Amino acid sequence: MEVILSIIFIGVGLSMDAFAVAVGKGLNMKKIDIKWSLIIASFFGSFQAIMPLLGWLLGGQFEKYIKNFDHWIVFMILLIIGGKAIYESRNKNCDSECDKKSYRELFILSIATSIDALAVGITIAILEIDILIASFIIGIVTFALSFLGVIIGNKFGCKYKSTAELLGGIILIIIGIKILIEHLTII
């Protein structure tokens, strides 16, 4: 159960970029469009589920070479991703342009917001966590938070964008520290 809870928190942390973009998409809607909101959430959720699988495939190839210091790698990856999210949370600028329903743009945004999930997939391989369960949970969490982000963006504006990114970054760093401490106390 602790592993599932950790994966949920990782999913929340990873989804903050997608959530922030979804808030921006909601900001640009004159009136909430549920169908388009579900499409946005589906893109972000799908990419956040697929990227850890790709990272896991890459990570599995290198596991035997890095087993003795893998906890440091996990810690550094989560620290960098979390630090990046915290740094980006300082940007108070909200991109506001007329919301155009562009699948191409949504595809690019989905890739951009899920790159960090690729690195987490490598981490999941190192920690020997079931990748299918992890990817599914990360995808569902991202879908739900992205859909919620569109709704919140439409209702409240951009005032929560930086808070969401800050919270996501802090969560990822805390998980990285927890993993490092657990491995260092085993030795």
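Some notes on this structure:
- Here the calculated FRET efficiency for Gln61 and Phe156, from their Cβ-Cβ distance with R0 = 45 Å, stands at 0.50, rounded to the nearest 0.05.
- Spin-label model distance (nm) - Lys101 vs Ile181, 7 Å beyond Cα toward Cβ: 4.8
- Measuring max minus min along each principal axis, the C-alpha atoms of the stretch 102-187 give extents of 50, 26, 18 Å (largest first).
- With a Förster radius of 25 Å applied to the beta-carbon distance between Leu79 and Asp130, the computed FRET efficiency rounds to 0.55.
- Between the Cα long axis of helix 2-27 and the first principal axis of the chain there is an angle of about 30°, rounded to the nearest 10.
- Cα-based values for the chain, radius of gyration first and Dmax second, are 16.6, 57 Å.
- Relative to the longest principal axis of the Cα atoms of the chain, the long axis of helix 161-186 lies at roughly 10 degrees.
- Zone residues, the stretch 160-183, relative to Leu5, backbone N less than 15 Å from point 7 Å out along Cα-to-Cβ: 175, 178-179
Each reported figure results from applying straightforward, stated rules to the coordinates on display, with no laboratory input. These numbers come from a predicted model, not from an experiment. Virtual Cβ from ideal backbone geometry, glycine too; neighbours counted across all protein chains shown.
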